[in-house]
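Student: Shown below is the structure under consideration.
The values are calculated or read from the model by the stated rules, or taken from the named source; none is laboratory data. Quantities reported herein were computed from a predicted structural model and do not represent experimental measurements. Positions of Cβ are generated from backbone atoms using ideal geometry, with glycine treated the same way; all protein chains shown enter the neighbour counts. Remember, those area values only see protein heavy atoms, side chains included, never the ligands or the DNA or RNA. Shrake-Rupley method; radii C 1.70, N 1.55, O 1.52, S 1.80 Å.
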Amino acid sequence: NKSVHLKLVPNPSHLEAVNPVVEGFSRAKADLLYQSNYDQILPILIHGDAALAGQGIVYETVQMSGLKGYYTGGTLHLVINNQIGFTTDFDDARTGIYSTGVAGVVDAPVFHVNGDDPEAVLYVVELAMAYRQQFNSDVFIDMVCYRRHGHNEGDDPKFTQPQMYQIINNHPNPREIYIQKLVERGDIDKQLAIEMEATFWQDLQARLDDIKQKPLPY
């Protein structure tokens, strides 16, 4: 029963360039609004696995996290681990076993979790938040999942990763897996799940139609 103000910071440039922007915004907000009580704010950085391992600005941001001038009380790093960088297998993209190797710079814990299990993901997020609030340091969540479609309109991963994408094409999406789990447990009626999904898509379509009727200012 508490209100939380959520701000999405615009990414100024390329992969991971938004990281220090989020940290600076969070530091200023904590200092100006909460008298430097960093438990009142939380920087959240969302990474791709390949970008996390490959972009130097990630290392710079993490290694400065404990410095007096840059401290924000700990950042929650959520890694959307697609197991592929654009068209590159992870074993051709980095030397380390995990994309989260940078966490070792500040001894930040890393939780590896199956992206197909939403209850496990939620549990790990709550665990990571409890750790951050208790110890005020960075924490990483490595959500191991996959990317069903290409990186953009010109990239069809079936050409570069045919075996992996044969598996993905035959794999049900997380929503389907979770609905089946809830139905089997008796937590939800399958028809209700179908109706909820239909309502969700109708809401999205209605908002799109509304924008088309009333164009946003450029």
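Student: If we count every other residue with Cβ under 14 angstrom of residue 120's Cβ, Lys/Arg +1 and Asp/Glu -1, where does the sum land?
Tutor: -4
Student: Can you show me the helix-derived [θ] at 222 nm for the chain, built from DSSP H runs with n ≥ 4 at -39,500 (n - 2.57) apiece and divided by the number of residues, rounded to the nearest 500.
Tutor: The helix-only estimate for the chain comes to -13500 deg cm²/dmol at 222 nm.
Student: On to the next question. Quickly rank 1-12, 201-212 as a protection proxy: mean count of other C-beta atoms within 10 Å, highest first.
Tutor: 201-212, 1-12
Student: Put +1 on the Cβ of each Lys and Arg and -1 on the Cβ of each Asp and Glu in the chain; which of 123, 213, 90 then has its Cα farthest toward the positive end of the dipole?
Tutor: Result: 213.
Student: On to the next question. Taking the Cα centre of region 1-141 as origin and charging only Cβ (+1 Lys, Arg; -1 Asp, Glu), how large is the dipole, in debye to the nearest 20?
Tutor: In total the dipole reaches around 660 debye.
Student: Just to confirm a number: summing +1 for Lys and Arg and -1 for Asp and Glu over residues other than residue 173 whose beta-carbon lies under 15 angstrom from that of residue 173, what do you get?
Tutor: Working: positive: 147, 148, 175, 181; negative: 116, 117, 176, 197.
That works out to 0.
Student: Further question: Which entry in (1) 20.7, 80; (2) 17.7, 55; (3) 19.9, 54 matches Rg and Dmax of the Cα atoms in Å derived from the coordinates of this structure?
Tutor: Correct label, based on the coordinates given: (3).
Student: Which order do the peptides 161-174, 79-92, 33-46 come out in when sorted by mean C-beta neighbours inside 10 angstrom, highest first?
Tutor: 79-92, 33-46, 161-174
Student: Now for a different question. Calculate the length of the line joining the C-alpha centroid of region 23-58 to that of region 106-122, in whole Å.
Tutor: Each part's Cα centre sits 19 Å from the other's.
Student: Let me ask something additional. Would you mind getting the accessible area per residue of region 94-184, heavy atoms of the protein chains only, 1.4 Å probe, in Å²?
Tutor: 61 Å²
Student: Share of the chain's accessible area from carbon and sulfur, percent, 1.4 Å?
Tutor: 57 percent
Student: Another question, then. Once R0 is set to 30 Å, what does the formula 1/(1 + (r/R0)^6) return for the Cβ-Cβ distance between residue 87 and residue 120, expressed as a FRET efficiency to the nearest 0.05?
Tutor: Once rounded, the FRET efficiency stands at 0.55.
Student: So, one more: What GluC sites (Glu not before Pro) in region 151-218 are in a loop by DSSP, with at most 11 other Cβ atoms within 10 Å of the Cβ?
Tutor: Passing sites in region 151-218 are 153.
Student: A 32 angstrom limit on the alpha carbon distance is what I want to check against. Which of 7/212; 7/214; 2/181; 7/68; 190/214; 2/68 exceed it?
Tutor: 190/214
Student: Here's a follow-up. Please report the antiparallel percentage of DSSP beta bridges with both residues in the chain, rounded to the nearest 5.
Tutor: In the chain, approximately 10 percent of DSSP beta bridges are antiparallel ones.
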